[in-house]
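The structure appears below as structure tokens.
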Amino acid sequence: MRHPALLAAIVAATLAIPSWAQDFAKPIRIGLIFPLTGGSADMGNSARVGAQVAVDEINQVGGYLGRKFELVIRDDKADNDTGLAHAKELVEKEKVNFTIGFCNTGVAMKALDVFQANKSVLMVTCATGTVLTAKYPPAESYIFRTSARDSLQTQFLVDEIVKRGLSKVALLVDTTGYGDAGLKDLEAALARAKLKPQAVVRFKVGVKSLDEEMQQLKASGADALIGWTVGPEEGVISASRAAVGWKVPQFGPWGLSHASAFTVSGGKVDGTMMVQTVLPNIFMERNSTFLRNYAKISKEAPIGSMMSAAQTYDAVYLMLRAMFDSKGDLSSAGLKKALENPSGTYRGVVTTYERAFSPTDHDAISANMLWLGTWKNNERAYAYKDDERKASIIRRKEVAPMVAPAPAPAPAVAAANAKK
């Protein structure tokens, strides 16, 4: 027996329910964009596995209020245009609930406007270019990040070099957008220490040897080397430094910790030092459990990039916490508000996040959360043994000081700059 009036009332009530409530039976679809092939694949695949570990754990306990998590994975191949196409596909066609991704700053920059224009949340978990979370004011931005931005990494390295009494720093930097931005941050950090680079040499990614460039830097009389590039080329730097017999300490950003750096160098990264947000630590239960669960999915040794994996794993859980804080409003606006106003603390693998984000800060990592890592016995380790013991002490995020935006250039200056 049919009841037209009742059916009409149900239809009307259903249409009156917010869209996010009508979707309650559907899985939570997470867009994942990483370089899964090519020179940055060690970062991308580690990030993918880190996300899968988190999703598997969450789904085993019922997902989000019964809704399972589902990864919609795309390979950007570390190519700007490919990354842009995938961003459009995931946001505009696949209609994912949110996106996690990007290991290369240039690829991320090309795609940022897609997320911002569509007001779709993007959580960057690998790429470190300072500009990524600075392009849009946080109050308006839908871009968040769990990796350490380059301005923090460069200052950390310069502070370490000064602490060691070194002052003649040689810079070996690639010619990509990542290298351009890194060089700018390095020179600014050195200037704050009242230092100038002893020598600066640029090179193209894809090189197989940097022996000639290394001889040039050695002849400069530098007492420290910072190589600023991605994993494979960090390995080339280490191999060439060993080949010319230059025994000054070598420092680098987190790319120096990638398995590709170890492999390409033939193990000659041993003893080099790099910035890390997380390192293998048997004394920390969350850390060791994550590594065991990671090993169930991938048997790689060493892991392509533990930082990529752990930062992505934590990002999935931070998004889950935001979903609960949003009280069911899974719209992008609802998730953005929830991320900026967390109700509690999340004990992650990288750190314990008391307030990862706020309406004025979309970077989860602050300077005091960084560690100096090194390669030792074919694995990453703490450069200072005492840091391994200190790692269990919660390092609360420091609130970044508010910096007034630079004044707009005068018309004549702006016109001159436009011609450069």
Expressed in angstrom and ordered largest first, the alpha-carbon extents of the range 105-152 along the principal axes are 28, 22, 15
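Can you work out the accessible area per residue across the chain, with the rest of the protein chains kept in place, probe 1.4 Å, in square angstrom?
45
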Name the residue, out of LYS68, LYS135, LYS194, whose mean-square fluctuation peaks in a Gaussian network model built on the chain with Cα pairs under 10 Å. LYS194
Relative contact order (%) - criterion: Cα under 8 Å, at least six apart; region: the range 189-348: 15
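Dividing the Cα radius of gyration by the Kirkwood radius, what Rg/Rh value follows for the range 108-250?
1.04
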For the chain, the Cα-Cα pair-distance distribution in 20 Å bins from 0, as whole percents, is 26, 55, 16, 3, 0
What is the distance in Å between the Cα centres of the range 39-69 and the range 114-164? 22
Pick from VAL72, VAL269, VAL124: which residue has the top mean-square fluctuation in a GNM of the chain where Cα pairs under 10 Å get a spring? VAL72
Assuming R0 = 22 Å, what is the FRET efficiency of ASP81 and ARG192, from their Cβ-Cβ distance, to the nearest 0.05? 0.05
Contour minus Cα-Cα distance for ASP386 and ALA243 (0.36 nm per residue): 48.3 nm
GluC sites (Glu not before Pro), restricted to the range 202-308: which are DSSP loop and have at most 16 other Cβ atoms within 10 Å? GLU300
So the carbon and sulfur contribution to the accessible area of the chain, 1.4 Å probe, in percent, is 57
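May I ask you to derive the FRET efficiency for ASP56 and ASP223 from their Cβ-Cβ distance with R0 = 45 Å, giving the value to the nearest 0.05?
Step by step, r from the Cβ atoms, then E = 0.40.
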The extension gain from GLU354 to GLU89, computed as 0.36 nm times the residue separation minus the Cα-Cα distance, is 92.0 nm
Over what distance in Å are the Cα centres of the range 263-292 and the range 374-397 separated? 9
In nm, to one decimal, how far is the modelled label at SER288 from the one at ARG396, with both set 7 Å along Cα→Cβ? 2.8
Under 5 Å, built H, 5+ apart or other chain: amide partners of VAL72: ILE30, GLY31, LEU32
Scanning the chain for helices, which whole DSSP H stretches are 15 Å or more long along the axis (Cα) and average 0.0 or more by Kyte-Doolittle? 4-16, 105-117, 150-163, 306-325
Restraint check, LYS110/LYS376; LYS296/LYS397; LYS168/LYS390; LYS93/LYS135; LYS184/LYS376, Cα-Cα greater than 27 Å: LYS110/LYS376; LYS296/LYS397; LYS168/LYS390; LYS184/LYS376
Which lysines, on any chain, are close to LYS68 with Cα under 19 Å apart, when same-chain ones fewer than 8 places away are left out? LYS26, LYS95, LYS327
Heavy atoms only, 1.4 Å probe, whole protein assembly: order PHE98, PHE283 by accessible area, highest first. PHE283, PHE98
Convex hull around the C-alpha positions of the range 140-195: the volume in Å³ per residue is 105
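The values are calculated or read from the model by the stated rules, or taken from the named source; none is laboratory data. Quick caveat, the model's predicted, so the values are computed rather than measured. Every residue, glycine as well, gets a Cβ built from its backbone with ideal geometry; the counts of neighbours run over all protein chains shown. For accessibility, only protein heavy atoms count, side chains too; no ligands or nucleic acids. Shrake-Rupley method; radii C 1.70, N 1.55, O 1.52, S 1.80 Å.
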